[in-house]
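Q: Got a structure for you, questions after.
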Amino acid sequence: MLLLKYLSLRKTDITQLPSEINNLRELEVLDIRQTDIPSHATTNILLLKLKRLLAGHADPSNFESSPRIPHSVDKMLNMEVLSNVKAQKSRDLKDIGKLWQLRKLGVVIHDMDSHVRNLLQEIGDLHECLRSLSITAELPGSLLKHFPKILESLSIRGTTQKVRLLPLFIDGDKNKLAKVTLCHTPLSKDDLEALAKLPKLRCVRLQHISCTEPMLNFKEGKFKCLKYLLVEGSALTNITFEHGAASELEKMVLSFTGIGSISGVEFLPKLEELELNSSFCGSLLSSFDNVRQITKLTLRGTLLEQDALQLLTKKQNIRCLVLMDKSFGGTHEITLKKDEFLCLNLLVVDCSAITKIVFNSGSTPRLEKIVWSSSTTLSGIDKLPRLKELEFKGDKVPDEVRKAIDKHDNKPSLTGPETQD
């Protein structure tokens, strides 16, 4: 036990760290994420070979319960990952700058000048090694003497009453940021333009941001490397893509809570995957009528009606259709007719509103795999000429499906819990 190198207490009911924790002198990874371990329990940790301290309370919104930075963190010089730890006092932040192997830092701070000053100074000291930074505050830029040269990931949640944080980290042509997540954070027009110029930015997540304007405008020639875009929240009502903007974008996730519109998606030549979440997003489907390159469509909480599905069945570009919880409103029996979903290869159904799917002869002629849950029954799968695999998410496979498998010329495989007699 004393030679233990990895200890994970994640998602357990443990409420205290063992008093002998520091006897594990060979320990390299300590994972206490999603536990109810009190915040003060980590203050006395001193493990000289520790490389990763993965912390985080069971309730991530309860910042007061976040595990604290160990008092002797400056002695743990092998530390590479220090995540979701809280600075109780400003001096708790001072010694982080001595961890010259630290690649990933996630810290919770108070909105205090002393915390702000010490944190930015330590980030400056780590400018040669830090790759990922997660903080929740907005900090004065004058204290950031050295920009982290190899910083690739930035996550900002919330704001403070001080100087705005985002501009500190998104300026400069040599910026290496590839992933930016903003949650409950202000985003101005100037901020968006600065993001658009980041030469290596591939992933942007905008969650419940506050904007000076309710529109996102992606301009021609900007966001050249962007591959993934997530927009969530009610503050934004319109998204526009100009011709030549975000030309590498492959996946878009839209999760609005208010009425909105999107235009210019026909100018996104590499957009292959679209995910729509929440009820009003179903109305956005018409915005993608002229987009031929989308091959995967995921619907969740869209509460579509039957007529909307009929429009989808005519889209010959869709190869993967995922219908998740509340993708349809009410209860529906879906009947697929000849020449509908001509190119569909994979169908995933996990929606209690869909009670039955009937495949008529000539429908989904290229369908190879079906994944479905116990709330939905299948009929006519013996009429699917290319069907190879079925995956059941439930306890007992319906007899109708078993009989259809036996009848099918391909004898498709059946996987999932309790699928064996």
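Q: Which of the aspartates and glutamates could a cross-linker span from LYS149 if the Cα-Cα distance has to be under 13 Å and same-chain partners fewer than 8 positions apart are dropped?
A: ASP125, GLU128, ASP171, ASP173
Q: May I pose another question? Kindly write out, for the stretch 382-393 in residue order, the coupling ³J(HN,Hα) from the Karplus curve 6.51 cos²θ - 1.76 cosθ + 1.60 (θ = phi - 60°), rounded to whole Hz, with x marking Gly and Pro.
A: Per residue, the Karplus-derived 3J(HN,Hα) values read 5, 9, 9, x, 10, 4, 10, 8, 10, 10, 9, 9 Hz.
Q: Strictly over 21 Å apart at the Cα level, which of LYS314/LYS338; LYS98/LYS176; LYS356/LYS393; LYS227/LYS315; LYS11/LYS296 would you flag in this model?
A: The pairs that break the limit, which is 21 Å between Cα atoms, are LYS98/LYS176; LYS227/LYS315; LYS11/LYS296.
Q: I want to verify a result. In a Gaussian network model of the chain, Cα cutoff 10 Å, which of these has the top mean-square fluctuation: GLN316, GLN16, GLN88?
A: Its mean-square fluctuation being the largest, the pick is GLN16.
Q: Work out how much length GLU333 to LYS179 would gain on full extension: take 0.36 nm times their residue separation and subtract the Cα-Cα distance, in nm to one decimal.
A: Length gained between GLU333 and LYS179: 51.3 nm.
Q: Another one. Given the alpha-carbon gyration tensor of the stretch 295-350, what are the semi-axes of its equivalent ellipsoid in whole angstrom, ordered largest first, with each equal to the square root of 5 times an eigenvalue?
A: With the √(5λ) rule applied to the stretch 295-350, the semi-axes are 18, 13, 9 Å.
Q: Something else now. Fewest Cβ neighbours within 10 Å first, please rank ASP113, ASP399 accordingly.
A: In order of increasing Cβ crowding within 10 Å: ASP399, ASP113.
Q: Moving to a separate point now. Within 10 Å of each residue's Cβ, count the other Cβ atoms and sort CYS320, CYS351 from fewest upward.
A: CYS320, CYS351
Q: Pick the calculated semi-axes √(5λ) of the Cα gyration tensor in Å for this structure from [x] 37, 24, 23; [y] 38, 29, 21; [z] 46, 30, 17?
A: [z]
Q: Measure off 7 Å from each Cα along the Cα-to-Cβ vector at ASP113 and TYR228, then give the distance between these two points in nanometres to one decimal.
A: 4.0 nm
Q: Tell me, what is the Rg over Rh of the stretch 309-390, with Rh the Kirkwood radius over Cα pairs?
A: 0.92
Q: Note down the net charge around VAL371, summing +1 for each Lys or Arg and -1 for each Asp or Glu among other residues with Cβ under 11 Å from its Cβ.
A: So the environment of VAL371 carries a net charge of -1.
Q: Between GLU193 and TYR6, what's the calculated FRET efficiency when r is the beta-carbon distance and R0 is 41 Å? Round to 0.05. Numbers along the way, then the final one.
A: Details: r = 45 Å, r/R0 = 1.09.
E(calc), rounded to 0.05, equals 0.40.
Bear in mind these aren't lab numbers, they're just calculated from the coordinates by the rules spelled out. As the structure is a computational prediction, the values presented were derived from the model and not from experiment. Every residue, glycine among them, receives a Cβ derived from its backbone with ideal geometry; neighbour counts consider all protein chains shown.
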